[in-house]
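S.K.: Once you've had a glance at the structure underneath, I'll fire off some questions.
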Amino acid sequence: MRSFLGALFEYIRASFSHYIAQPTTKFINRLVERLDTWARQETARALSDENEAPEVTAKRMGSVIIRSIPFMRPMFIHILAIFLFGMFLTFLFTFTGILSSDLWDNKMMVNDKLQPAQAFVLFVDKTYLREEFLDEQELQEVKALGFEGNKLTNDQRKTIRNRMLVWFFVGDIFGIILAFLLRYYPAWVWQNVNHYLRVAMVEKLEYLSLSFHHTNRSGDAIYRIYQDSSMVVNVLDEVVVGPLNDIRDLFIAFLFVFAFDPILGVVCLLSFIPMAVITAYATPIIRRLAVRNRVTNSNLTSRIQETFAALKVVKANNAESIVVDRFDVDAHKALDAALYVRFGMVALSFIVAIIGGLVVIGLEYLLLTWVLEERETNVPGWAVVFVGLMVWNLAAFNSANGRVGQVVGTGRGFVRLWCMLQDLFIGLERAFYFLDLEPKVFDPDDPLEFPEHIDSVAWDDVHFQYDDGTQVLNGVNLSAEAGKITAIVGVTGSGKSTLMSLLLRLYDPSSGSVTINDTDIREFRIDDIRSNHAIAMQKNVLFTGKVTDNVAFGLEDVEFDKVKQACEIACADEFITALNEGYDTNLGERGAKLSAGQRQRLTIARAVIRDTPILILDEPTASLDAKTEHRVLENLSEWGRDKIVFLITHRLSTIRNADNIAFLEDGKVAESGSHEELLELAQGRYRRFVEAEEVGLVDSQVR
């Protein structure tokens with residue numbers, strides 16, 4: 001029997017999965033894909049001009065909502081549960097509210113006997129029921145007990161009061177638990193959705209070429225990722241779930257209002273017309289204020305980021321007061337913009353609230369007139385089992401007045417929501433702007449396998465300029481071979497670092513090609529290219545964490561012996577072992593606990609541990625003393641015998657040991673050769689460079 005039931009259950013499960021779950025999932029996925037394709041017809045705008053008042057069409061609003069769906073999909077079941085549970089609670093609280101109003105106002109206060117449903121809820125006997133709900137035998141039994149007519153005794157009223165108080169207490173306990181769940185559970189769902197969007201934005205920014213980051217402020221990116229992305233939470237809460245809940249509540253409230261009297265419903269509907277007209281007039285103003293608010297706050301974030309990134313420079317130049325003054329100006333602009341947009345929203349909501357208030361006051365007067373006239377309500381006959389609201393009485397007045405206030409209040413709520421949506425859609429579109437950016441550096445459709453052994457690297461007639469038109473390279477021709485050290489030399493701004501950036505495919509040439517083993521690197525996967533390069537940068541970027549984590553940054557499951565070996569090659573082992581916790585020492589933010597020379601040696605160790613066939617050293621010894629520099633270069637020369645090593649440096653002591661020197665000038669390789677060969681050129685550019693460097697060195701020593 002048990003095996004039969006198990007087989008039956010498995011059959012039902014498999015059938016459900018095959019005939020219902022899988023087709024439904026496929027249908028939903030196809031629908032989401034088609035909607036996403038439609039939504040992407042509207043490319044997100046940058047919205048970076050604080051005086052801009054962008055048009056937000058219905059199509060654009062719809063596209064933003066639809067583009068938010070993929071980030072909501074992992075939480076779909078939870079979102080559906082929140083909506084359905086909210087619908088259940090709305091019906092429950094509306095019904096119990098009317099029921100309790102009738103019990104308190106008409107039964108306990110006025111002494112009217114109960115409806116059957118009310119007696120059932122309060123657990124009282126048939127002596128509490130109105131006579132029309134009793135059959136002939138029950139009626140005689142009640143009269144025999146001394147209860148006659150449709151009025152409650154004082155003892156019965158006290159019983160109803162006490163039992164209602166018990167229900168109120170139970171309801172309060174239930175409400176406290178619900179309040180906690182309905183605050184925490186949706187917040188957990190919304191924040192998960194926000195998390196998915198932020199990760200997608202950061203991932204997109206990481207894959208954009210450096211040309212984008214070269215022309216955009218990092219503070220703006222920080223603000224968009226942290227602040228603008230949070231608008232997806234509001235889209236979910238305020239645009240998807242919120243309006244659905246409001247429409248649901250409005251629909252239910254209208255049902256009850258029309259059930260009492262259609263006149264009430266018509267007046268409520270007419271009150272929406274002036275609200276809509278005023279809102280349409282104010283909308284462009286709200287949008288312009290919303291853009292200004294976000295742009296000025298983005299500028300403020302950029303100011304903060306730039307200030308703390310250059311804090312040493314600020315202190316060294318005694319410029320704290322200047323920085324504070326600039327920050328104060330930006331902060332006041334951001335504050336004013338935030339206050340103006342909120343003032344606009346509050347002013348519009350206030351005007352609409354006045355209209356709604358006048359409507360409610362007028363209808364209250366009408367309802368009171370009907371109560372005095374004891375006019376019949378339109379409550380259907382079947383409802384008499386639950387409530388006694390067939391004529392306008394105190395309970396009918398309170399219930400209808402509450403529902404009218406709910407309808408008009410929901411109308412005011414939609415206006416408030418519309419104001420919030422203007423700011424919300426602008427913020428979210430600014431976030432999606434990053435997602436719509438297409439990287440200028442991307443993988444080929446059919447990439448070649450990266451060579452196992454790299455014999456040569458070459459630049460063939462390479463030109464490069466930034467998006468703003470600044471020309472950096474003008475026809476560079478250069479080659480480097482394995483087992484040799486190539487030094488890239490030139491004055492500041494000659495294009496040395498850009499040359500290496502092209503080799504890493506941080507940029508692509510405007511024209512010409514960069515090749516590895518005579519194959520254009522654009523034919524390889526970007527990950528393959530970068531995983532075969534190691535770079536020690538001039539800016540010694542370290543992260544908060546242990547020494548070991550910094551050296552092995554970007555690598556997984558690295559053995560400690562390899563970390564130690566890399567540090568020994570970089571001559572960093574000697575000072576690391578002298579630290580309090582050795583390789584487990586936490587370096588603080590950006591390696592603040594170390595000197596410039598120590599940070600530089602850790603950066604070199606980070607490049608060495610990758611053990612790649614191509615090593616790029618950008619000013620690798622700028623912060624090292626002569627003795628340490630000599631030891632580091634000697635170790636690197638021994639370690640890199642079978643590798644292609646590039647040195648970008650101004651230090652003659654470093655350049656002299658290179659096998660080949662390429663001197664860049666005006667974006668071209670003006671001269672190339674060994675140190676001795678280039679010095680033999682009487683009017684050579686490299687020779688003049690060396691002479692100038694030597695004179696500068698002597699002058700510094702004399703001083």
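S.K.: Could you please find all residues in region 364-396 being at pLDDT 75 or above and either assigned to a helix (DSSP H, G or I) or in contact with a His (Cβ under 7 Å, 6 or more places away or on another chain) (or both)?
M.R.: Hits for region 364-396 are GLU364, TYR365, LEU366, LEU367, LEU368, THR369, TRP370, VAL371, LEU372, GLU373.
S.K.: Under the condition of being among the β-branched types (Val, Ile, Thr) and assigned to a loop (DSSP other than H, G, I, E, B), which residue from region 552-580 is nearest to the chain's Cα centre (by Cα)?
M.R.: Across region 552-580, the extreme among qualifying residues is VAL558.
S.K.: Moving on to the next point. Search region 258-273 for residues that are farther than 14 Å from GLN406 by Cβ and pair each with any residue that is modelled with pLDDT of 80 or more when their beta-carbon atoms are under 6 Å apart and the residues are at least 6 apart or on different chains.
M.R.: As it stands, the answer is none, since no pair meets every condition given.
S.K.: Could you check CYS567 against (1) touching a residue at least 60 places away in the same chain (Cβ under 8 Å); (2) in contact with an Asp or Glu (Cβ under 6 Å, 6 or more places away or on another chain) and say which number it fails?
M.R.: Only one criterion in (1) touching a residue at least 60 places away in the same chain (Cβ under 8 Å); (2) in contact with an Asp or Glu (Cβ under 6 Å, 6 or more places away or on another chain) is unmet by CYS567, namely (1).
S.K.: Looking only at region 138-180, filter to residues that are modelled with pLDDT under 80 and within 16 Å of TRP104 (Cβ to Cβ); which one of those is surrounded by the fewest Cβ atoms within 10 Å (Cβ to Cβ)?
M.R.: Selected residue: ASP172.
S.K.: Go over the candidates SER623, SER595, SER637 one by one and state the one that is free of Cβ contacts under 8 Å to residues at least 60 places away in the same chain and surrounded by fewer than 22 Cβ atoms within 10 Å (Cβ to Cβ).
M.R.: Answer to the selection: SER595.
S.K.: May I pose another question? Against the condition assigned to a loop (DSSP other than H, G, I, E, B), in the same structural domain as GLY667 (by TED's automatic domain parsing) and modelled with pLDDT of 85 or more, how does ASP528 come out, does it pass?
M.R.: Here the answer is no, as ASP528 does not meet what is asked.
The values are calculated or read from the model by the stated rules, or taken from the named source; none is laboratory data. Everything numeric here is computed off the predicted structure, so don't read it as measured data. Backbone-built Cβ (ideal geometry, glycine too); neighbour counts: all protein chains shown.
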